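Structure record follows, encoded as structure tokens.
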Amino acid sequence: MAHKRDREATRARLLECSRLRFARDGYDGTSVRDVAGDVGVDPALVFRYFGSKSSLFTEAMAGSSAPVVLPDGPVEELPAKLMHQLVFEDWSEYAGEHPLIAMLRSAGHEDTKDRLRQQVCEGYLDVLSQLADGNEDKNLRTELFGAWLLGIGILRTAVGTPTLAKATEEDLRPHLAAVAEALFGRPVPTDG
């Protein structure tokens, strides 16, 4: 029985280390040898457990679907909650970034791009579009808002621009309110 627990613990550790590597370095920048080295095992063991680098990536990043679950509460509170989730929450298991931002490093691969598109479109944008007044260019305005939020997260964590990296949620709230009202055509609460 101890052998099985060691196998499961090693497998879990490989997934944890590969998730961090893929989040930080992307698919192309991560090697099976590096992941195996992080855990202190032979690279052949990674192939035995997962079959391929692609399968390792798929399984390691599969958990990135869970955080995409929309925060509870009225749709009007969603912009502030998404800003918190995308920009300020600490996702240490994904190298400190929201899984969507971490997955962008691997977006050159079709399966990752498809997963990102599905999570963004069906997970966030469909619900956010309920905030947009009128039907004229409603989807465009919603996607612009999503791009703005995601862009803040990228500049803050992946790029590390100095002003955004130091900004607090309180600093961004008036800007969130202004952008949300301009794009959705109505005020939205920003105290999430």
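Pairs linking a residue in the range 100-128 that is under 16 Å from Gln85 (Cβ atoms) and assigned by TED's automatic domain parsing to the domain that holds Leu82 to a residue that is of a type in the set (Phe, Trp, Tyr) and in a helix (DSSP H, G or I), with Cβ atoms under 7 Å and 6 or more positions apart or on different chains, are Ala102/Tyr94; Leu128/Phe145. Looking for something modelled with pLDDT under 95 and under 23 Å from Gln130 (Cα atoms) - is there at least one such residue anywhere in the range 153-161? Within the range 153-161 (the criterion being modelled with pLDDT under 95 and under 23 Å from Gln130 (Cα atoms)), the answer is yes, since at least one residue qualifies. Scanning the range 3-47 for residues that are without any contact (Cβ under 8 Å) to a residue 60 or more places away in the chain and outside any helix (DSSP H, G or I) turns up Thr30, Ser31, Gly40, Val41, Asp42.
Screening Gly160, Gly146, Gly151 for residues that are out of contact with any Lys or Arg (no Cβ under 7 Å at 6 or more places or on another chain), surrounded by fewer than 16 Cβ atoms within 10 Å (Cβ to Cβ) and under 17 Å from Pro99 (Cβ atoms) leaves exactly one candidate, Gly151. Within the range 127-175, the set of residues being on the phi < 0 side of the Ramachandran plot, assigned to a loop (DSSP other than H, G, I, E, B) and among the charged types (D, E, K, R) comprises Asp133, Glu136. Quick check on my filter: what residues within the range 70-81 are more than 12 Å from Arg173 (Cα to Cα) and surrounded by 14 or more Cβ atoms within 10 Å (Cβ to Cβ)? Scanning the range 70-81 gives Leu70, Glu76, Glu77, Leu78. If only residues of the range 76-95 that are outside any helix (DSSP H, G or I) and touching a residue at least 24 places away in the same chain (Cβ under 8 Å) are counted, the one that is farthest from Gln119 (Cα to Cα) is Ala95.
The values are calculated or read from the model by the stated rules, or taken from the named source; none is laboratory data. All values derive from a computational prediction rather than experimental measurement. We place every Cβ from the backbone using ideal geometry, glycine too, and count neighbours over all the protein chains shown.
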